[in-house]
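Accompanying notes for the structure given below.
Here, each number is a calculation from the coordinates, and none is a lab measurement. This one's a predicted model, so the numbers in the text were calculated from it and none came from an experiment. Ideal geometry is used to build each Cβ from the backbone, glycine not excepted, and the neighbour counts take in all protein chains shown.
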Amino acid sequence: MSAGAPLVESKGLSWALDAYVIGAAATPDSRFFVCSLGDGTVRVLDLTDAAKGFTAYQIHKGGSLCFAPDIEAGSHLSGGDDGKLVKVKLDGSTEIIADLGRKWIEHVTSHPDAGFRAYASGKEAYVLGKKKGDEPRKITLETSVGGLAINPKGKRIAIAHYNAVNLYWLAAKDGQPQVLPWKGSHLQTTWSPDGDYVVTAMQENALHGWRLSDGQHFRMQGYAAKIRAMSFPKRGHLLATGGADTVICWPFTGGGPMGKEPSEFGGMVNGPPVTAVLAHPKLDAIAAGFENGKVIVGQPGSTRVMPIVTPAKDKEPSAVSVLAWTPDGDRLLAGTEAGDVHVVDFRSLA
């Protein structure tokens, strides 16, 4: 479907790509958006001529399961149910980084500055440095990996699994991890910008976190739905999360969120839950996507929001699965489980 097709009321360009949008990212120069879809393709959009739409490259024989920027600028990593971790360049050329045979690659992350890639399948996680020919470090957990996250300095990796999060030094070839215990299944994992907090979304409708400087841990609960997304702004003063009918923002100043009430914005009481959140790369603003396909941008504690995508009444609603900002903060991409993709240029709205 061509750009501007009437999928929804959108403030930008829209396309129907007809497959679950697994992940998305912008290149460091803010020129391209790159998306990974559940049909095993990677799609590239040149923002200097966005009306031409996405170029599609078939990467996996099966479906794509995970996606992240690579350590090489302009390249991206796609993991699939064909067992392959593939580096994809903007022209569609590929390099197989890992081949696990029949095992699905379910998680991938990287730290471009530090030069580390990490990926996981089942109970096994792998850490790979930037030196060609090096064998990856294999880390075997007692239970399946639920999430991977490298800290902002690129020195440690958090691996979430059942009943704990393990922290490993990336440069080490072996060694015992620092274990952050808490009963339950830990999934999506993130670090605060200062590297002092590790937070996980759990299988139940709650978050759990640890402050590394003193070992204090805390629980954030009361959500109506599973928390599928969370995001720290660059300043790290709060954590924005989905899982409720509004965007919930926990304070992370003055000792963290323990004993404090969160602020919120957007949405409506008993409305659809927030399924995606992403902090603006420069401003104190948060983009949020909802289960019905709605996308907004707002600020914590404010009653004013900017609607970006409004679901069409005659279209089956589809949850927002992915949000991505360009590094300059001028453009936002939103993708859905049904494969609808919207790109808005905020310079045209000024």
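Summary of computed values
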| quantity | calculated |
| --- | --- |
| Lysines with Cα under 29 Å of LYS313, excluding same-chain neighbours fewer than 8 positions away | LYS11, LYS52, LYS226, LYS294 |
| Counted charge near VAL21, where neighbours are those whose Cβ lies closer than 11 Å (Asp, Glu -1; Lys, Arg +1) | -3 |
| Phi to ³J(HN,Hα) by Karplus 6.51 cos²θ - 1.76 cosθ + 1.60 over the range 216-233, Hz, x for Gly, Pro | 5, 10, 7, 10, 10, 9, x, 7, 8, 9, 5, 8, 9, 7, 8, 7, 8, x |
| Amide hydrogen neighbours beyond the local backbone of ALA312, cut-off 5 Å, H modeled | GLU9 |
| Highest-fluctuation residue, ALA288, ALA125, ALA164 considered, GNM on the chain with Cα pairs under 10 Å | ALA164 |
| Relative contact order computed over the range 36-133 (Cα-Cα under 8 Å; 6+ residues apart), in percent | 19 |
| Sorted by Cβ neighbour density within 10 Å, fewest at the top, the residues CYS35, CYS66, CYS249 | CYS66, CYS249, CYS35 |
| Residue-span extension gain [ASP284 to ASP91] - 0.36 nm each, minus C-alpha spacing | 66.1 nm |
| Range in the chain, longest, excluding exposed GluC sites (Glu not before Pro) [loop by DSSP; at most 14 other beta-carbon atoms within 10 Å] | 205-350 |
| Spatial separation of Cα centroids for the range 9-39 and the range 254-275, in angstrom | 27 |
| FRET efficiency, 1/(1 + (r/R0)^6) with R0 22 Å, evaluated for MET258 and ASN205 via beta carbons | 0.70 |
| Whether the chain is rounded, prolate or oblate, judged on the alpha carbon gyration tensor where a/c under 1.5 counts as rounded | oblate |
| The range 98-237: C-alpha gyration tensor shape, a/c 1.5 cut-off, then a/b vs b/c | prolate |
| Two-site label geometry, SER185 and GLU135: point separation in nm, points 7 Å out along Cα→Cβ | 3.3 |
| J(HN,Hα) series, the range 281-294, from Karplus relation 6.51 cos²θ - 1.76 cosθ + 1.60, nearest Hz, glycine and proline x | x, 10, 9, 7, 9, 10, 8, 9, x, 10, 5, 8, x, 5 |
| Potential extension, GLN216-ASP174 segment - 0.36 nm per residue separation minus Cα distance | 12.5 nm |
| Inter-part distance where the range 79-124 and the range 140-155 are each reduced to a Cα centre, Å | 14 |
| Computed over the range 7-90: relative contact order in percent, which uses C-alpha pairs under 8 Å that are six or more apart | 21 |
| Long-range HN-HN contacts of GLY40 with modeled amide H, under 5 Å | SER64 |
| Vicinal HN-Hα couplings computed from phi for the range 260-274 (Karplus, 6.51 cos²θ - 1.76 cosθ + 1.60; Hz; Gly/Pro x) | 10, 8, x, 9, 8, 7, x, x, 8, 4, 6, x, x, x, 6 |
| Euclidean distance between Cα centres, the range 282-296 to the range 191-253, Å | 17 |
| Estimated inter-spin distance, ARG31 and ASP345, nm [label 7 Å along Cα→Cβ] | 1.6 |
| Footprinting exposure proxy for MET258, MET268 (fewest neighbouring C-beta atoms within 10 Å first) | MET268, MET258 |
| Three-way shape call for the range 144-204 based on the alpha-carbon gyration tensor, with the a/c threshold at 1.5 | oblate |
| VAL305 long-range amide H proximity, modeled H, under 5 Å | none |
| Computed Rg/Rh of the range 1-130, alpha carbon atoms with Kirkwood Rh | 0.99 |
| Burial ordering of HIS208, HIS237, fewest other beta-carbon atoms within 10 Å first | HIS237, HIS208 |
